């Protein structure tokens, strides 16, 4: 993490223009009502790291889930679906095409 205010709301946006419009607003990233809560910030960070790993097709979802501290791949899948509206498989397909 940098010494500034922290992660951008959509840190991978620079590599995928239009991704924000495609997947909507991540909870906790609407700064009009004040800074995000610690929980929202941590979800955003976890999502950012997950997206970087999902992009790399050498990683399977069980490995990604374990590396991020999820108890199993089903919990990881629910987290990604709640944050993005897509399963990790669907999200990977959209990122690589």
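The values are calculated or read from the model by the stated rules, or taken from the named source; none is laboratory data. Just so you know, these numbers come straight off a predicted model, no measurement behind them. Counting neighbours? That spans all protein chains shown, and the Cβs are built from the backbone with ideal geometry, glycine included.
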Residue 22, sole failed condition from (1) surrounded by 13 or more Cβ atoms within 10 Å (Cβ to Cβ); (2) modelled with pLDDT under 90: (1)
Residues located in the range 63-93, provided they are touching a helix residue (DSSP H, G or I) at 6+ places or on another chain (Cβ under 6 Å), part of a helix (DSSP H, G or I) and over 15 Å from residue 49 (Cα atoms): 73
Only listed residue being exposed (fewer than 15 other Cβ atoms within 10 Å of the Cβ) and at pLDDT 60 or above, chosen from 35, 88, 17: 35
Any hit, the range 55-62, residues being surrounded by 11 or more Cβ atoms within 10 Å (Cβ to Cβ), modelled with pLDDT under 90, outside any helix (DSSP H, G or I) and in contact with a helix residue (DSSP H, G or I) (Cβ under 6 Å, 6 or more places away or on another chain): no
Scan of the range 60-83 for residues that are closer than 14 Å to residue 44 by Cα and without any contact (Cβ under 8 Å) to a residue 24 or more places away in the chain, ordered by number: 68, 81, 82
